[in-house]
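See below for the structure under consideration.
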Amino acid sequence: MAISELNDAPAPFWVAGTPVSGTESFAVKHPHDEQVAHEVSIPSAADVEVAVSAAAEVADELASLPAYVRSDALAHVSRRLGEEREELARTITAESGKPIRWARVEVQRTLLNFQRAAEEAKRFSGEIVRLDTDPIGAGRVGWVRRFPRGPVLGISPFNFPLGLVAHKVAPAIAVGAPIVIKPAPQTPLTALRLAELVAETDLPAGALSVLPLPNGPALEELVADPRLPIISFTGSEVGWQIKASQPRKHVLLELGGNAAVVVHEDANLDEAAASIAMGGFVQAGQTCIGTQRVLVHRAIADEFSAALVERTRSLATGDPFDEETVVGPLVSSTAADRVAATIEAAVAGGAELLSGGEREGTTIAPTVLAGVEPDMDLWSEEVFGPVLALANYDEIEAAFEAVNDSRFGLQAGVFTSNIDLAMRAHRELEVGAVMIGESPSFRADALPYGGWKASGVGREGVRAAMDELTDTRALVLRGI
């Protein structure tokens, strides 16, 4: 049910299409004031067993459903998200602290992704292959189709409580794979509401369960369960431990980064400053592709820095339910402590504070620092906060080398009007996607999304994820 309809009892979790209340619960807190938004029931080991068993038992039935049934279910969820967009947006803000303006964007993108999945479910037809290109293949024809690898375990983070859950649920339904979702403990409420909307459809009950488990032994057992041969994980680098512990499973990892952007001397500086400020500070920097490292050609460095600082200071902070707020709080006091310490260490190491740095509770003002050295954590690690680190370059080769001199490689951006330089960036930058004329924080949901190096393995985006959740099976026809 919607958060406004919840009574004082803990919110139920969803096991195979049915709401269940546990004997224990935990509190979900609003990050801005750290007051309790609502209590959520914790599944028991028996509840988890029911969910996993249901997923395994329904796998063949779900995979065999006609495409129109899966498509209709996805379209229904898309419509219902549209009908409840404001309530869902307010729930996202309540549990994550995301400013209401961005929460509404998240709901809109999510309903579009369910719509996209509804369309892709009807197009997922495979490929006809001519075999008579060689004499041995004469009289034969090949057909390559993709079939689900099996039930999926989806583990999602706090920063997009609806959107990143949907990036796992919608492709799974589209291909006919049951999925068990373990949402972030900070932000389970929106995922639970999504489970209720899916339960309204004609899909078999075991198609989706949402289990708000705490991190720890219960989750480790779920990860190891052989009935869940696919794991789709979005979050911290603990994902690599999951992958190492499950070598026989197909594990997809989206693990973030410290995204870099290059501002070349031919860039439109006002456009670059506006895009980079938004890319670095939207979500309070708590996004895997949040802009963090800014490489500026020395010839334009002073002019660009001034434009960036001006844009940064125009961004309103405060109560995330306020319509004017652009930059909200960090997800917790612990997260704010970590980001503040990273800023303080950079300044102590010689970086120049150009703007921001102030803290009020869990909110840190959008911060810009210049003269950041490569060995500082602010440059080499993922900050996951509202901080931009500036450095200058003289030759484009040095800029591209600096972008690549990172253990991460999710996305990068280049501001230039030179098509040759744009194509060179596409060839040379060691990332999953390159944005030209955009900050690296732009994500196109229709494209494959994922990283290189420590940023993960595998791809999301509806169509790309459908491929990841399935495997090919070839058919040869002769004499028919």
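Number of residues in segment 336-354 that are surrounded by fewer than 18 Cβ atoms within 10 Å (Cβ to Cβ) and part of a strand (DSSP E or B): the value is 2. Could you tell me whether segment 137-153 includes any residue that is under 30 Å from Ala11 (Cβ atoms), of a type outside the set (Val, Ile, Thr), in contact with a Phe, Trp or Tyr (Cβ under 9 Å, 6 or more places away or on another chain) and buried (at least 24 other Cβ atoms within 10 Å of the Cβ)? Yes: segment 137-153 contains one or more residues that are under 30 Å from Ala11 (Cβ atoms), of a type outside the set (Val, Ile, Thr), in contact with a Phe, Trp or Tyr (Cβ under 9 Å, 6 or more places away or on another chain) and buried (at least 24 other Cβ atoms within 10 Å of the Cβ). Between Leu197, Leu222, Leu253, Leu228, the distinction of being assigned to a helix (DSSP H, G or I), in contact (Cβ under 8 Å) with a residue 24 or more places away in the chain and in contact with a strand residue (DSSP E or B) (Cβ under 8 Å, 6 or more places away or on another chain) belongs to Leu222 only. Which members of segment 260-280 meet the condition of being in contact (Cβ under 8 Å) with a residue 60 or more places away in the chain and either hydroxyl-bearing (Ser, Thr, Tyr) or open to solvent by less than 30 Å² (accessible area, probe 1.4 Å) (or both)? Within segment 260-280, Ala260, Val261, Val262, Val263, His264, Ala267, Ala272, Ser275, Ile276, Ala277, Gly279, Gly280 qualify.
Looking across segment 119-140 at every residue that is under 45 Å from the mean Cα position of the chain (by Cα) and β-branched (Val, Ile, Thr), the one that is farthest from His76 (Cα to Cα) is identified as Thr133. Exactly one residue among Gly22, Gly17 is surrounded by fewer than 22 Cβ atoms within 10 Å (Cβ to Cβ) and in contact (Cβ under 8 Å) with a residue 40 or more places away in the chain, and that residue is Gly17. If we scan segment 321-331, do we find a residue that is of a type in the set (A, V, I, L, M), part of a loop (DSSP other than H, G, I, E, B) and open to solvent by less than 10 Å² (accessible area, probe 1.4 Å)? The answer is yes, given that some residue of segment 321-331 is of a type in the set (A, V, I, L, M), part of a loop (DSSP other than H, G, I, E, B) and open to solvent by less than 10 Å² (accessible area, probe 1.4 Å). Beta carbons closer than 7 Å, at least 6 apart along the sequence or on distinct chains, pair a first residue in segment 353-381 that is free of Cβ contacts under 8 Å to residues at least 60 places away in the same chain with a second that is acidic (Asp, Glu) for Ala365/Glu358; Leu369/Glu352; Gly371/Glu352; Pro374/Asp405.
The single residue among Val169, Val180, Val105, Val165 that is among the hydrophobic types (A, V, I, L, M, F, W, C) and open to solvent by 50 Å² or more (accessible area, probe 1.4 Å) turns out to be Val105. Take the residues in segment 42-87 that are polar (S, T, N, Q) and more than 30 Å from Thr23 (Cβ to Cβ), then tell me which one is surrounded by the fewest Cβ atoms within 10 Å (Cβ to Cβ). Per the criteria, the residue is Ser64.
A single entry from Asp8, Asp47, Asp33 fulfils the requirement of being part of a loop (DSSP other than H, G, I, E, B) and modelled with pLDDT of 95 or more: Asp33. Evaluation of Glu39 against the conditions (1) under 26 Å from the mean Cα position of the chain (by Cα); (2) assigned to a helix (DSSP H, G or I); (3) acidic (Asp, Glu) shows that the sole unmet condition is (2). From the list Val107, Val165, the lone residue that is touching a strand residue (DSSP E or B) at 6+ places or on another chain (Cβ under 9 Å), without any contact (Cβ under 8 Å) to a residue 60 or more places away in the chain and assigned to a helix (DSSP H, G or I) is Val165. Within segment 398-417, is even one residue in a strand (DSSP E or B), among the polar types (S, T, N, Q), under 15 Å from the mean Cα position of the chain (by Cα) and crowded, with 24+ Cβ neighbours inside 10 Å? Yes: one or more hits. The listed residues are Thr342, Thr312, and the only one of them that is of a type in the set (S, T, N, Q), in contact with a Ser or Thr (Cβ under 8 Å, 6 or more places away or on another chain) and modelled with pLDDT of 95 or more turns out to be Thr312. Here Glu34, Glu39 are screened, and the one residue that is open to solvent by less than 70 Å² (accessible area, probe 1.4 Å), in contact (Cβ under 8 Å) with a residue 24 or more places away in the chain and under 29 Å from Gln283 (Cβ atoms) is Glu39.
So is Val372 open to solvent by less than 20 Å² (accessible area, probe 1.4 Å), in a loop (DSSP other than H, G, I, E, B) and either in contact with a Gly (Cβ under 7 Å, 6 or more places away or on another chain) or aliphatic (A, V, I, L, M) (or both) or not? Judged against the criteria, Val372 is a match.
Taken over segment 316-340, the criterion of being more than 14 Å from Thr93 (Cα to Cα) and among the aliphatic types (A, V, I, L, M) is satisfied by Ala316, Ala335, Ala336, Val339, Ala340.
The values are calculated or read from the model by the stated rules, or taken from the named source; none is laboratory data. Small disclaimer: the values here were computed from a predicted structure and weren't measured. Reconstructed Cβ throughout: ideal geometry from the backbone, glycine too, with neighbour counts over all protein chains shown. The area values use the complete protein model at the heavy-atom level, side chains included, leaving out ligands, DNA and RNA. Shrake-Rupley method; radii C 1.70, N 1.55, O 1.52, S 1.80 Å.
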